[in-house]
Amino acid sequence: AIDPEFEENRDIAEDHEGHSVWGPVEEPETLGIHGTHVAVDFDICIADGACLEDCPVDVFEWVDTPDHPESEIKADPAHEDQCIDCMLCVDVCPVDAIDVDPG
Ligand code: SF4
Ligand code: F3S
Ligand code: ZN
């Protein structure tokens with residue numbers, strides 16, 4: 001599961017489409033955590049898609065991640081600023097790849 005303390009335990013490695021990526025990042029097999037308010041651990045995501053289907057405000061978009069060992073697409077929190085903290089995505093992800101911090 002995603003580390004809920006990732007902000008303390010990781011450093012920002014890069015920026016992706018306006019959100020932070022928390023490292024380590026070593027493409028293609030290590031991709032880090034994308035987003036901060038809505039955070040997706042790309043190294044855990046298996047591209048189940050439930051988060052994209054269920055998010056009422058369409059926070060997520062698919063991004064291509066060729067040659068990643070878990071899946072070749074990932075749910076990117078492209079619009080994390082739109083999140084209304086319903087927590088549905090956290091509940092439906094089968095591998096607990098998502099952390100939403102309502103603060
Ligand atoms: Fe979307 Fe709700 Fe998840 Fe926020 S908590 S990203 S609104 S499903
Ligand atoms: Fe990935 Fe979980 Fe969404 S596996 S696609 S973050 S439901
Ligand atoms: Zn991203």
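Observations on the structure shown:
- Counting residues in the stretch 26-46 that are away from ligand 3 (no atom under 16 Å from the Cβ), touching a residue at least 60 places away in the same chain (Cβ under 8 Å), assigned to a loop (DSSP other than H, G, I, E, B) and under 14 Å from Ile2 (Cα atoms) gives zero.
- Checked against (1) assigned to a loop (DSSP other than H, G, I, E, B); (2) open to solvent by 60 Å² or more (accessible area, probe 1.4 Å); (3) more than 16 Å from ligand 3 (Cβ to nearest atom), Asp85 meets all criteria but (2).
- Near pairs, Cβ below 7 angstrom, 6+ apart or cross-chain, from the stretch 5-20 (under 21 Å from Pro102 (Cβ atoms) and in contact (Cβ under 8 Å) with a residue 24 or more places away in the chain) to any residue that is within 9 Å of ligand 3 (Cβ to nearest atom) and in a strand (DSSP E or B): His19/His34
- With respect to (1) among the aliphatic types (A, V, I, L, M); (2) touching a residue at least 24 places away in the same chain (Cβ under 8 Å); (3) within 12 Å of ligand 2 (Cβ to nearest atom), the lone exception for Val57 is condition (3).
Residues checked against (1) away from ligand 1 (no atom under 16 Å from the Cβ); (2) surrounded by 15 or more Cβ atoms within 10 Å (Cβ to Cβ); (3) not aliphatic (A, V, I, L, M):
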residue: Ala1; (1), (2), (3): no, no, no
residue: Asp11; (1), (2), (3): yes, no, yes
residue: Trp22; (1), (2), (3): yes, yes, yes
residue: His34; (1), (2), (3): no, yes, yes
residue: Ala50; (1), (2), (3): no, yes, no
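- Within the stretch 55-82, the only residue that satisfies the criterion of being of a type in the set (S, T, N, Q) and open to solvent by 40 Å² or more (accessible area, probe 1.4 Å) is Gln82.
- Matching residues in the stretch 94-103 - criterion: being more than 11 Å from the chain's Cα centre (by Cα) and either open to solvent by less than 40 Å² (accessible area, probe 1.4 Å) or without any contact (Cβ under 8 Å) to a residue 24 or more places away in the chain (or both): Pro102, Gly103
- Residue match in the stretch 67-82 (condition: in a loop (DSSP other than H, G, I, E, B), under 12 Å from the mean Cα position of the chain (by Cα), near ligand 2 (Cβ under 10 Å from one of its atoms) and in contact (Cβ under 8 Å) with a residue 40 or more places away in the chain): yes
The values are calculated or read from the model by the stated rules, or taken from the named source; none is laboratory data. The structure displayed is predicted, hence computed values, not measured ones. Cβ sites come from the backbone with ideal geometry, for glycine too, and all protein chains shown count toward neighbours. For accessibility, only protein heavy atoms count, side chains too; no ligands or nucleic acids. Shrake-Rupley method; radii C 1.70, N 1.55, O 1.52, S 1.80 Å.
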